[in-house]
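Single-structure report; data block below.
The values are calculated or read from the model by the stated rules, or taken from the named source; none is laboratory data. Remember, predicted model here, so these are calculated numbers, not experimental data. Cβ coordinates were reconstructed from backbone atoms using ideal geometry, including for glycine residues, and neighbour counts include every protein chain displayed. In case anyone asks, the SASA skips ligands and DNA or RNA and just uses the protein heavy atoms, side chains included. Shrake-Rupley method; radii C 1.70, N 1.55, O 1.52, S 1.80 Å.
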Amino acid sequence: MSDTRVIKVNGEEVEVPTDLTLLQACEIAGEEIPRFCYHERLSVAGNCRMCLIEVKGGPPKPVASCAQNVRDLRPGPDGSPPELFTNTPMVKKAREGVMEFLLINHPLDCPICDQGGECDLQDQAMAYGRDGSRYTENKRAVEEKYMGPLIKTIMTRCIQCTRCVRFATEVAGVDDLGLVNRGENAEITTYLEKAVQSELTGNLIDICPVGALTSRPYAFNARPWELKKTQTIDAMDAMGANIRVDSRGREILRILPRLHEDVNEEWISDKTRFIWDGLKRQRLDKPFVRENGKLRPARWDEALGLVAEKLGATPADRIGALVGDLVSAESMKALKDLMAGLGVKHIDCRQDGAPLGEGGAGRAGYLFNSGFAGVEAADAILLVGTNPRAEAPVLNARIRKAWIGNLGLKIGLVGEAADLTYGYEHLGAGPGDLISAFEMLDGAERPMVILGMGALARADGRAVLKAVASLAASRNVVREGWNGFNVLHTAAARVAGLDLGLVPGEGGLDFAGILKAARDRDLDVIYNLGADEFEGRDLGGAFVIYQGHHGDAGARTADVILPGAAYTEQNGVYVNAEGRAQIASRAYFPFGDAREDWAIIRALSDRLASKLVGPLPYDDLFALRQAMIADAPSLGRVDEGPTGEEPLDLGALGVEGPLDGAAFRYAVDNFWFTNPIARASETMAECARAMAGVEKVAAEESVR
């Protein structure tokens, strides 16, 4: 707990921590301080000088409030509290002078700038600047810089605040941006004119206070006041980042981050931000039925009738159900109830085959129990079979933040060497190195193990899980007040599916077993709810019902296609890797004849009513959610993060068995193409080409 001190701000006394800057202290007192270079999550640069204030008893000149701390203030001669002033004539004149200098070379092209309407420079020039210009010389122009396919640059607008340089270096962990030259010739540039090699480059757009860095895909598409803004949840990975979707009609024009300190802070990955063009391409907007080997459009009545006929005429033990990675909890609950009514035991949501949700380990056996924010409290982190930079870039940035802020933090990796943006010790590549790798946790007060799908989604996954859990127990990773056992999922739908129990019943087949049974003609009907991350031909000669929103792998081999809604087109609950249930809101209605997933399954149950002994017992989303919460109470605890109170029996995780000596292969081999929306996106394809065409930093350089 830091010390506090009483100061006066514009005559009002306020008690503030001594380690705050004067800018922060003034804001606690309710005063607004303009700034360009200062950012709460970046180091202090102190180079824009817009945050000038007056300090009584200090030097007879304005003080940069971002660069001086409260502890540095001197009391008055009689011991009175130090006094700060934010609205004196000296401060007003100083700010006007600074603003005048900042605008000397600015092109003043607000009407054609994409930042217009959301520009800090525009707002602060109106609030704190002069009403005219005294500058009559020729303005300086700066060459545009190439920063990759996502960022449009007009560097003449740049005011050299260096926020982008500090973000790239400190948060993203890449050294691709820098300030060259001095004085009037100073420029922000990328080294060797190459793309910024990071999965977080879109955040440069957010932190730029002027129009120097803007979104290339969004350029000239809209003004902010034209857009409908919907607060929702991201489904591109298992972090559940809080986002805002800006749409016009049935078209998303941009996706922006929302602040959530415990989940994504205020950052999102480039895939989350720029995926939106894939939401309107290769869409399934009407039902299809395969006839004579070819798919043809059909009416809902015909498609549902054919599906009901097949399901009703097929014995339950010859039906299987698969669940994909982008499906909401409500849709999974509806499918589970439908299959349970039919007596189907072959159902699985674990598309990657990871053996989670089995045994008696409890819910904590498949959660990121420390919470994403808990990464900053750890003093030793062991990564097992995971590359968080590709699987959860924002989490990777938080690990880097902990690495920078805690000089004693030890990080180890078991798996393929990778460039993780922070230093780590490479402790081995596969299961044979686990015993020696866990020695790095010896003596740690808050040890953390992050277990990835690269270690679990393999033939010996249960044995690997058993070995990791046993070693974690031997190192006391789970102790009173601290649960350092964490599973990092790659799919947004996985935790909710496990919460709802979408795993094989007694005698049921798992995902791989369903595929094998279909190939061997032991299953006749497969209901595929949005699963696209496998080879469709693996389903053999089974009759395949595909319900989803993109014409991807699952749709190509389907006999009936039921068009569903994407995550931006329906209200739904998603549970992130740490077990936090969050509500995604509909930004616009689905395309064409597509319908919300749960509603399709509910309509299908009407046609199977005789076999189900009545249709599913809910007619609206509220009733479905009530049933869902009764089934899995954790889904009703909205935005409740890990409490550390979830019981976890590490001994119940996994199954003893032989370990394969092969190295762990990471679950994500191409960050840009992890789901059908990404594969439909031209922007993601362009990013994949750009990143593949530039030589990446060697992974070994990140290894201590």
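When S436, S328, S80 are compared by accessible surface with a 1.4 Å probe, the order from highest to lowest is S436, S80, S328.
Taking a straight line from the alpha carbon of K56, these lysines sit under 26 Å away, with near neighbours fewer than eight places off in the same chain left out: K8, K92, K93. Dipole of the chain computed with +1 at Lys/Arg Cβ and -1 at Asp/Glu Cβ about the Cα centre; of Q282, V655, S436, farthest Cα towards the positive end is Q282.
Dipole magnitude for the range 484-553: computed about the Cα centre from +1 point charges on Lys and Arg Cβ and -1 point charges on Asp and Glu Cβ, it is near 40 debye.
For the range 147-246, the set of chymotrypsin sites (Phe, Trp or Tyr not before Pro) satisfying both a DSSP loop assignment and a count of at most 16 other C-beta atoms within 10 Å is given as F220.
Within the shell defined by Cβ-Cβ distances under 15 Å, the residues around T314 carry a net charge of +1, with Lys and Arg each +1 and Asp and Glu each -1.
If you average 1/r across every pair of different Cα atoms in the chain and take the reciprocal, what Kirkwood value do you get, in Å? Numbers along the way, then the final one.
Details: mean 1/r = 0.0362 Å⁻¹.
Every distinct Cα pair counted, the radius reaches 27.6 Å.
Dipole orientation for the range 279-420: of the candidates Y366, G341, I411, G341 has the Cα lying most toward the positive pole (charges on Cβ; Lys, Arg +1; Asp, Glu -1). Charge tally for P355 (other residues, Cβ to Cβ under 9 Å; Lys, Arg +1; Asp, Glu -1): 0.
Can you work out the accessible area per residue across the range 134-181, with the rest of the protein chains kept in place, probe 1.4 Å, in square angstrom?
Working: 2100 Å² over 48 residues.
Heavy-atom accessible area per residue stands at 44 Å².
3J(HN,Hα) along the range 579-587, derived from phi through the Karplus expression 6.51 cos²θ - 1.76 cosθ + 1.60 where θ = phi - 60°, amounts to x, 8, 6, 9, 9, 8, 10, 6, 8 Hz, with x in place of Gly and Pro. What is the range 546-704 by shape, rounded, prolate or oblate, if you read a ≥ b ≥ c off the alpha carbon gyration tensor as root eigenvalues and call it rounded for a/c under 1.5, prolate for a/b larger than b/c, and oblate otherwise? Oblate is the answer for the range 546-704, as a/c is 1.5 or above yet b/c matches or exceeds a/b. The antiparallel fraction among DSSP beta bridges confined to the chain stands at about 55%. Would you work out if the range 1-93 is rounded, prolate or oblate? Take a ≥ b ≥ c from the square roots of the eigenvalues of the alpha-carbon gyration tensor; rounded if a/c is under 1.5, else prolate when a/b is larger than b/c, oblate otherwise. Oblate, since a/c reaches 1.5 and b/c is not below a/b. Normalised by the number of residues in the chain, the mean separation of alpha-carbon contacts (under 8 Å, six or more apart) gives a relative contact order of 15 percent. Placing +1 on the Cβ of every Lys and Arg and -1 on the Cβ of every Asp and Glu, with no other charges, gives the range 1-158 a dipole of roughly 580 debye about its Cα centre. Ranking A627, I112, A558 by how far each Cα lies toward the positive end of the dipole of the chain (charges on Cβ) leaves I112 at the top. Estimated from helical segments only, the mean residue ellipticity of the chain at 222 nm is -6500 deg cm²/dmol, where each DSSP H run of four or more residues counts as -39500 (n - 2.57).
Can you send over the carbon and sulfur percentage of the accessible area for the chain, probe radius 1.4 Å, protein chains only? Show your work: numbers first, answer last.
Details: 13970 of 28140 Å².
Carbon-and-sulfur percentage of accessible area, whole number: 50.
Which loop-located GluC sites (Glu not before Pro) does the range 595-697 contain, where loop means any DSSP state but H, G, I, E or B and the Cβ has at most 14 other Cβ atoms within 10 Å? Working shown, then result.
On the way: sites: E596, E640, E645, E656, E682, E686, E695; in loops: E596, E640, E645, E656, E695.
The qualifying sites are E640, E645, E656, E695.
Net charge dipole, the range 235-314: roughly 560 debye, given to the nearest 20, about the Cα centre with Cβ charges of +1 for Lys and Arg and -1 for Asp and Glu.
Counting DSSP beta bridges with both partners in the range 540-629, what percentage is antiparallel, nearest 5?
On the way: 4 of 8 bridges.
Antiparallel bridges make up about 50 percent of those DSSP assigns within the range 540-629.
The peptide list 381-393, 665-677, put in order of mean Cβ contacts within 10 Å with the highest first, becomes 381-393, 665-677. Cross-link partners for K139 among the aspartates and glutamates, with Cα-Cα distance under 12 Å and sequence neighbours closer than 8 places in the same chain left out: E184.
Grab the other residues whose beta carbon is less than 13 angstrom from that of G293, score K and R as +1, D and E as -1, and report the net. Result for the neighbourhood of G293: +2.
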